[in-house]
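The structure appears below as structure tokens.
The values are calculated or read from the model by the stated rules, or taken from the named source; none is laboratory data. Quick caveat: nothing in here was measured; it's all calculated off a predicted structure. Ideal geometry is used to build each Cβ from the backbone, glycine not excepted, and the neighbour counts take in all protein chains shown.
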Amino acid sequence: MGNNASELVDRLGAIFGPERTVSTPEQLLTYECDGHALERRPPQVVVYPESTEEVRRGIRVCAELAVPFLARGAGTGLSGGAVAARGGVVFEMARMNRILEIDYANRLAVVQPGLVNLHLSLATQKRGFHYAPDPSSQGACTLGGNVAENSGGPHTLKYGVTTNHVLGLELVLPNGEVVRTGSRMGDVPGLDLTGVIVVSEGTFGIVTEITVRLTRNAEAVRTFLAVYDDLDRASETVSGVIAAGIVPAALELIDAVAIQAVEAHLKVGFPTDAAAVLLIEIEGLADEVEATATSIETIARAHECRSIEVAGDEATRRRLWKGRKMALGAVGKIAAAYYTHDGVVPRSKLPEAVRRIQEIAKRHGVRVANICHAGDGNLHPLLLFDPSDRDEITRMHDAGKEILRMCVDLGGALTGEHGVGAEKRSCMPWLFSENDLDQFARVRSVFDPHELSNPEKVFPTGSRCADVHIARKIRTGGWL
Ligand SMILES: Cc1cc2nc3c(=O)[nH]c(=O)nc-3n(C[C@H](O)[C@H](O)[C@H](O)COP(=O)(O)OP(=O)(O)OC[C@H]3O[C@@H](n4cnc5c(N)ncnc54)[C@H](O)[C@@H]3O)c2cc1C
């Protein structure tokens, strides 16, 4: 460790103490990657702040020594966002996990960023409220990570993604200044700085406090499992439901490969001979739910659904949702490894996109499992591969690239909810012009002129000359 590095450790140690300043290679190994796992680089130091003031003082040290830094929540991110691409300091936010205030009258909560998503709903459920954005990782991921990634989840189809539920933020800027944005009232005059910070993937500084909306639990909920012998018919049902003007709370598609993984390991009752199932949930006033249920059943049957089962009680509903929320983990048990993609297509293009994913995977000789937030047009093809087989890894990457390009070509986007991170920043020019990227870079430089906060994420290197980065990526074969 050079002089500069030992000065960094000494100065951080003076703020956080030896217990909360970690810098040996063994200790740093835990922090070398996130859920994406293919991007790896350990930081130089990890610190565990317990207050905004400690984050402020730690960032100040980074600014004075020109050392890059980033915040880490639970490390469940799937785009390499929490990887210290240029080394430097990781602020592990797990100790800032308190609910500071719950204000039922105004339907809001003020929390620290290390709070696990599900813990807020658990804390408010007895009073009939919950926090609506529910990533499938909600038992582990933090609200700080959700804010950075603008995370979604099965129920964000009806309720909206993270940005629709964040009222205000406290942020420590990369120069150590503490700023507050938004208000408890929601809409405020002036620029929507909260909206800009949500989705900035940690590149504008570290969020230290979040004010979120609480959502009233619905009067009535009904959950269906629709079973199909044909994958096309299942995805056509999704388009049919949306085209009929129905907005279910959740509309999830799980294909045969994922069904078999779920049944082999979780046994939730998905039929293993089905080509696909749809998990459909509707919520609202009791009369409204009744009428919508009839419409959904009619549409599903018109698209040759083999059977449609209604969850008769809460235990059945939970069992079906367990199958969906733990499906990624189950797929991990049928393959040595898998790569989760996250593209979006217009909902009307869902049947075509699902068909083309099957065709692309087949052509590249790669197995694929599809688990989609289908109602949002958000696809999660999981490409299965053996990490010891270099040829299969190449084919898996080629298939993934083609799938993502197909999403963009169909009028969709590079990511629905997992963020751009390190993973897809070189693809940003597929979606944005040089001028767009230049504007993004200008906004970023207002918050972080020296690119210290989570560098080498989201924005292609030197967005003002993005082609340089693309050329480098092509030379090194570093796509994804
Ligand atoms: C099994 C599984 C299922 C998943 N399902 C979903 C899903 O349904 N929907 C979905 O949207 N995502 C899903 N994800 C992805 C992931 O859980 C989300 O992106 C989540 O928001 C990441 O939260 P985290 O706390 O783990 O953040 P990390 O992975 O630790 O960090 C993610 C990014 O947030 C930044 N960050 C973290 N905290 C702060 C902070 N306080 N201030 C500033 N920046 C910060 C980091 O620097 C990094 O760039 C899933 C992941 C897994 C493994």
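Residue count for segment 121-136 under the criterion of being within 13 Å of the ligand (Cβ to nearest atom) and either outside the structural domain of Ile197 (by TED's automatic domain parsing) or hydrophobic (A, V, I, L, M, F, W, C) (or both): the result is 1. Quick one: which residue in Gly139, Gly144, Gly186, Gly152 is in a loop (DSSP other than H, G, I, E, B), touching a strand residue (DSSP E or B) at 6+ places or on another chain (Cβ under 8 Å) and within 9 Å of the ligand (Cβ to nearest atom)? So the residue among Gly139, Gly144, Gly186, Gly152 that is in a loop (DSSP other than H, G, I, E, B), touching a strand residue (DSSP E or B) at 6+ places or on another chain (Cβ under 8 Å) and within 9 Å of the ligand (Cβ to nearest atom) is Gly152. Screening Pro43 against (1) touching a Phe, Trp or Tyr at 6+ places or on another chain (Cβ under 8 Å); (2) modelled with pLDDT of 90 or more; (3) surrounded by fewer than 19 Cβ atoms within 10 Å (Cβ to Cβ) leaves a single unmet condition, (3). Is it the case that segment 258-275 has a residue that's out of contact with any Lys or Arg (no Cβ under 9 Å at 6 or more places or on another chain), of a type in the set (Asp, Glu) and closer than 18 Å to Gly375 by Cα? Scanning segment 258-275 turns up no residue that is out of contact with any Lys or Arg (no Cβ under 9 Å at 6 or more places or on another chain), of a type in the set (Asp, Glu) and closer than 18 Å to Gly375 by Cα. Is it the case, given these coordinates, that Val46 is near the ligand (Cβ under 10 Å from one of its atoms) and under 24 Å from the mean Cα position of the chain (by Cα)? Considered against the rule, which asks whether it is near the ligand (Cβ under 10 Å from one of its atoms) and under 24 Å from the mean Cα position of the chain (by Cα), Val46 comes out as no. Looking only at residues of segment 155-173 that are in a loop (DSSP other than H, G, I, E, B) and within 11 Å of the ligand (Cβ to nearest atom), we find that the one that is nearest to Val420 (Cα to Cα) is Val161.
Residue-by-condition table, conditions (1) more than 19 Å from the chain's Cα centre (by Cα); (2) of a type in the set (A, V, I, L, M):
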position: Met185; (1), (2): yes, yes
position: Leu191; (1), (2): yes, yes
position: Gly195; (1), (2): no, no
position: Glu201; (1), (2): no, no
position: Ile210; (1), (2): no, yes
position: Leu225; (1), (2): yes, yes
position: Asp229; (1), (2): yes, no
position: Ala234; (1), (2): yes, yes
position: Thr237; (1), (2): yes, no
